[in-house]
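Read the structure below first, then the notes.
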Amino acid sequence: MEYGIGIGIGLVIGLAIGFLVAKSMATKPFGNAAGLALGKKVALKAAGDAEFAKKLEHLFNPPVPKPSGEPIRLLGLLQRDARLLDFLMENIGPYTDDQIGASVRDIHAKSQTVLKKHLTLESVMSQPEGASVTVPAGFDPSAVRLVGNVTGQPPFKGTLQHAGWKVKNMNIPKTPDGQDEFVLMPAEVEI
């Protein structure tokens with residue numbers, strides 16, 4: 001009899017400890033019991049509400065963002081107003097230097113007009129090219145590229161080869177609704 005009582009007590013204690021361990025393991029991924037309860041509520045709501053389930057799916061698996069079309073639109077403006085792509089994609093081998101020079105002068109002036117109209121540009125570094133400059137520790141590698149024999153740790157001392165360009169402001173028109181912003185210039189068909 002005592003032996004049976006001992007087994008019964010051991011079984012109850014074992015079940016109680018097992019329950020506590022299982023509960024702890026079940027709530028661990030959710031943070032705590034409140035997280036587990038919230039997870040159950042969300043699962044029940046999603047099972048009964050298709051719209052809610054769709055929102056959850058979108059939240060946990062967001063669509064791949066579409067790349068910005070602004071650079072493409074700027075390239076389209078340079079093509080439309082200066083025929084820059086036509087020039088860059090054309091085989092200029094058969095033309096003389098004089099013919100190319102005359103074309104470049106026109107394309108240069110028109111491209112510059114487009115850039116000045118739609119972008120406010122400024123130098124990354126204010127010193128003149130050829131000046132001695134110091135690049136401090138913690139510099140932005142997207143704004144300053146070190147060239148030459150780069151060794152050691154910043155600050156680096158060197159000669160400014162190019163002051164760089166950055167866009168301070170941008171005013172690129174939006175593509176009209178329904179128009180593919182990745183079409184740089186439509187094909188032209190004369191009728």
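No value in this document is a laboratory result; all are computed from the given coordinates. Just so it is clear, the model here is predicted, and its values are computed rather than measured.
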> From the cross-link list LYS41/LYS66; LYS66/LYS174; LYS54/LYS174, which pairs have alpha carbons spaced over 24 Å apart?
Replying inline: LYS41/LYS66; LYS54/LYS174
> Which residues' amide hydrogens lie under 5 Å from the amide hydrogen of PHE156, considering only partners 5 or more residues apart or on another chain, with H built in the peptide plane?
Replying inline: VAL135
>> Can you tell me how the stretch 57-167 classifies by the Cα gyration tensor, rounded, prolate or oblate, using a/c under 1.5 as the rounded cut?
In response: oblate
> Using the Cα gyration tensor of the stretch 144-191, with a ≥ b ≥ c the square roots of its eigenvalues, what is the shape: rounded (a/c below 1.5), prolate (a/b larger than b/c) or oblate (neither)?
Replying inline: prolate
